[in-house]
Amino acid sequence: MVSAPPVPPCRPTSRELFGQTLVDDYAWLRDRDDPAVRAHLEAERDHAEAVLDRRTGDLRARLYRELRGRIKEDERSVPAKDGPWLYYSRTELGDEYPRHCRRPHEPNVSLDQVEPHEQVYLDENALAEDHDYFDLAALAISPSHRLCAYIVDLDGDEIYTVQIQDLDAGAALPDTLVGCGRALAWGDDGVLFYTRLDSAHRPFQVWRHALGASQADDVCVHEELDPKFFASVYRTRSDAYVAISLDSQVTSEMWLIPTSTPTAAAQLVAARREGVEYGLAHRGDQLFVLSNEGAHNFAIELRALPGHDGESRVLVAHRDQVLLEDIDVFAGHLVIWERHEGLQRIRVVPLDPMPARAGDDDAPAPGEHLIEFPDPTYCVWGDSNPEFEATTLRFGYTSLTTPASIYDYDLLTRDRALRKREQVVGGHDPNCYRSARIWAHTGDGERVPISLVWRPPTEPAPGDAARSPRPTVLEGYGAYGLTMDPSFSSARLSLLDRGVIWAIAHVRGGGELGRRWYDAGKLADKHNSFDDFIACAEHLIDQAWTTPAQLVATGGSAGGLLVGAVANARPELFTAILADVPFVDVLNTMLDPSLPLSLVERDEWGDPTTPEGFAWIHAYAPYENVRAQAYPAMFVLAGWNDPRVGYWESAKWVARLRDRKTDDHQILLWTNMDAGHAGPSGRFEYLHELALEYAFLIDHLELPR
């Protein structure tokens with residue numbers, strides 16, 4: 001029997017804004033207390049599964065086994081030295097979540113050796129027992145290594161609870177802090193700093209908790225009244241300060257509290273100024289400040305500590321072609337995470353003696369160097385580096401063909417040691433796959449990078465006219481200045497081995513080509529993100545990588561907005577669209593200040609209560625611009641507990657698409673009723689959802705089953 005999609009009733013509401021009448025037939029779907037809403041979502045889910053099962057048989061179940069079969073179940077991270085202990089995590093057969101462990105550090109014992117003195121100080125599997133969802137958002141060991149504070153979310157709604165474990169006694173303390181954000185930091189062993197949420201889910205306060213006291217007796221250290229700012233807190237690597245960071249989309253302000261006197265008043269580093277963002281690290285009597293003040297791609301300054309005398313000076317000057325993304329400061333070295341031509345680099349700067357640069361020419365200091373990487377497109381990140389005195393940098397590396405790898409890099413000798421590489425059960429030979437970076441050209445003269453990975457039988461090199469078009473998935477995001485750095489996925493092998501090319505469009509709105517790349521894809525210029533994605537699709541088609549009948553667009557959250565807007569503008573370019581928790585009801589969401597991110601994100605999308613902001617968003621908002629035309633087949637996913645992109649955005653969009661489209665292509669909606677924005681928790685549980693998505697892709701791309 002063929003399943004028919006459920007049809008939600010139209011209950012029109014309307015409002016007038018700037019001469020436009022906005023009619024919303026499905027606004028009622030936002031009322032999660034209405035039993036009809038949940039019933040509709042469950043009917044949609046049943047319909048989606050019935051359609052996929054009818055078209056693909058037991059493919060979902062086979063894909064789940066295939067995806068899970070590549071994951072090594074008994075796994076262990078590389079131990080990281082922190083004081084007298086080596087800390088690491090591991091999983092055993094059947095574990096959905098890690099077990100957090102430590103063992104005494106013994107200089108003559110290899111990091112890779114399993115010691116009999118292991119202490120499992122926190123088992124996430126035990127904490128997650130009897131819960132459909134579990135997220136350990138943060139974990140912090142106290143300065144004496146006697147206590148562990150951790151933050152958990154049991155619903156996916158991102159409202160967290162802080163709990164504390166006595167590691168010596170192996171027992172939980174009665175201290176339980178509720179209504180929290182996902183940041184915390186120890187002052188000393190008796191004082192813990194954490195954030196609290198307001199009614200819109202915004203972390204707006206930093207609180208100080210005395211161990212053993214009631215939460216009602218905690219002290220508010222800072223309350224952020226501006227609804228565009230989020231509060232966070234962390235402990236500096238030097239262990240000298242607790243830092244309070246207050247950030248909007250475009251502005252920062254930071255305060256410091258000495259850990260030696262955690263009840264002291266916070267000291268202001270630099271007052272906020274609109275458009276000035278900064279972050280800091282501490283060493284000795286100086287702060288290393290990464291700031292965009294007069295430096296679009298950021299520069300690094302040395303500044304005196306608050307309340308101390310001393311002049312600021314530029315340590316690393318601004319460069320037009322290099323984005324400074326982050327810094328790590330150790331006792332003897334500065335490590336700079338930077339980006340050039342879309343690719344990440346790690347720059348190492350010795351600090352003894354402190355480099356003295358002449359003017360703004362940014363000439364390298366003696367001993368300064370870059371850590372090189374081999375692949376044409378890749379991703380690097382800082383791994384666990386807790387100790388300030390360390391002379392070894394631990395970093396992670398992956399590419400589209402190379403599994404996640406952990407390296408120790410000697411900052412003095414420049415020797416690099418591979419400590420661990422993700423094992424793909426059943427084997428993985430990177431030489432069987434190819435990756436490339438190509439460039440698409442836009443109508444306004446920009447070059448947009450595209451990262452590609454595929455498994456060639458005998459594939460011509462890029463640019464070879466003899467290339468045969470292949471099924472292709474084009475992924476994009478393009479918002480908040482975030483980058484979609486190419487990384488390895490063992491799950492993706494299920495598509496690559498079936499003949500798929502996976503492509504990533506690094507569109508404007510992301511940070512791949514520096515801060516100007518981000519600024520050129522937001523507010524009034526948001527259309528550039530969509531134009532870039534379309535240009536990438538056209539380039540892949542023109543260069544015979546694929547055809548419209550073989551091309552799928554995919555994106556999640558703000559990437560869902562991207563593919564939703566592109567679906568309205570150029571539906572003929574794609575055979576299908578996969579949208580994961582898509583931000584498609586942009587206008588109505590940004591008009592509602594009670595929602596968690598609406599006010600803070602007006603610096604990203606615009607303020608629709610103003611004529612210009614309304615015009616920007618109304619021109620592209622996917623839900624507002626659904627029209628009577630043919631659309632690709634679509635699979636849309638949502639999360640019932642999602643505080644970032646409400647489930648109703650997907651539900652309303654699907655209903656309007658079905659009502660207005662002129663074709664007979666399937667549009668499916670699948671809502672996870674036990675999860676939020678990030679989808680299912682657990683190491684294997686999310687694979688059920690991924691198997692659904694892959695079954696949809698394999699079906700619509702007519703791949704081998």
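The values are calculated or read from the model by the stated rules, or taken from the named source; none is laboratory data. What you are looking at is a predicted structure, and each value in this text was computed from that prediction instead of being measured. Ideal geometry is used to build each Cβ from the backbone, glycine not excepted, and the neighbour counts take in all protein chains shown.
Brief remarks follow.
- Pick from the range 216-246, criterion without any contact (Cβ under 8 Å) to a residue 60 or more places away in the chain, over 26 Å from Pro174 (Cα atoms) and out of contact with any strand residue (DSSP E or B) (no Cβ under 7 Å at 6 or more places or on another chain), ranking: surrounded by the most Cβ atoms within 10 Å (Cβ to Cβ): Asp226
- Criterion violated by Ile371 - all others in (1) farther than 23 Å from Pro456 by Cβ; (2) within 22 Å of the chain's Cα centre (by Cα); (3) of a type in the set (A, V, I, L, M) satisfied: (2)
- Across the range 331-353, the number of residues qualifying as under 28 Å from the mean Cα position of the chain (by Cα) and surrounded by fewer than 17 Cβ atoms within 10 Å (Cβ to Cβ) comes to 2.
- Residue match in the range 281-298 (condition: assigned to a loop (DSSP other than H, G, I, E, B), within 25 Å of Tyr150 (Cβ to Cβ) and among the small types (Gly, Ala, Ser)): no
- Condition check for Val507: among the β-branched types (Val, Ile, Thr), surrounded by 24 or more Cβ atoms within 10 Å (Cβ to Cβ), touching a residue at least 24 places away in the same chain (Cβ under 8 Å) and farther than 16 Å from Pro449 by Cβ: no
- Residue list for the range 560-601, restricted to those being part of a helix (DSSP H, G or I) and either without any contact (Cβ under 8 Å) to a residue 24 or more places away in the chain or farther than 22 Å from Asn528 by Cβ (or both): Asn588
- Set Asp175, Asp189: member being touching a strand residue (DSSP E or B) at 6+ places or on another chain (Cβ under 8 Å) and either closer than 30 Å to Ser594 by Cα or at pLDDT 95 or above (or both): Asp175
- Only listed residue being in contact with a Phe, Trp or Tyr (Cβ under 9 Å, 6 or more places away or on another chain), in contact (Cβ under 8 Å) with a residue 40 or more places away in the chain and within 23 Å of Asp31 (Cα to Cα), chosen from Ala691, Ala651, Ala615: Ala651
Quick grid of which residues meet (1) loosely packed, with under 14 Cβ neighbours inside 10 Å; (2) over 26 Å from the mean Cα position of the chain (by Cα); (3) without any contact (Cβ under 8 Å) to a residue 24 or more places away in the chain:
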| position | (1), (2), (3) |
| --- | --- |
| Arg65 | yes, yes, yes |
| Pro79 | no, no, no |
| Thr91 | no, no, no |
| Arg103 | no, yes, no |
| Val120 | yes, yes, yes |
| Asp123 | no, no, no |
| Leu127 | no, no, no |
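- When every residue of the range 173-180 is checked against the conditions, at least one turns out to be of a type in the set (Gly, Ala, Ser), on the phi > 0 side of the Ramachandran plot and under 24 Å from the mean Cα position of the chain (by Cα).
- Entirely in the range 27-107, the strands (runs of 3 or more DSSP E) that have 1 or more residues that are of a type in the set (Val, Ile, Thr): 85-91
- Close pairs (8 angstrom Cβ cut-off, 6 or more residues apart or separate chains): in a loop (DSSP other than H, G, I, E, B) and surrounded by 11 or more Cβ atoms within 10 Å (Cβ to Cβ) in the range 360-376, among the acidic types (Asp, Glu) and at pLDDT below 95 anywhere: none
- Filter result for Ala491 (touching a Phe, Trp or Tyr at 6+ places or on another chain (Cβ under 9 Å), under 15 Å from His428 (Cα atoms) and part of a loop (DSSP other than H, G, I, E, B)): yes
- Val552, sole failed condition from (1) buried (at least 23 other Cβ atoms within 10 Å of the Cβ); (2) within 20 Å of the chain's Cα centre (by Cα): (2)
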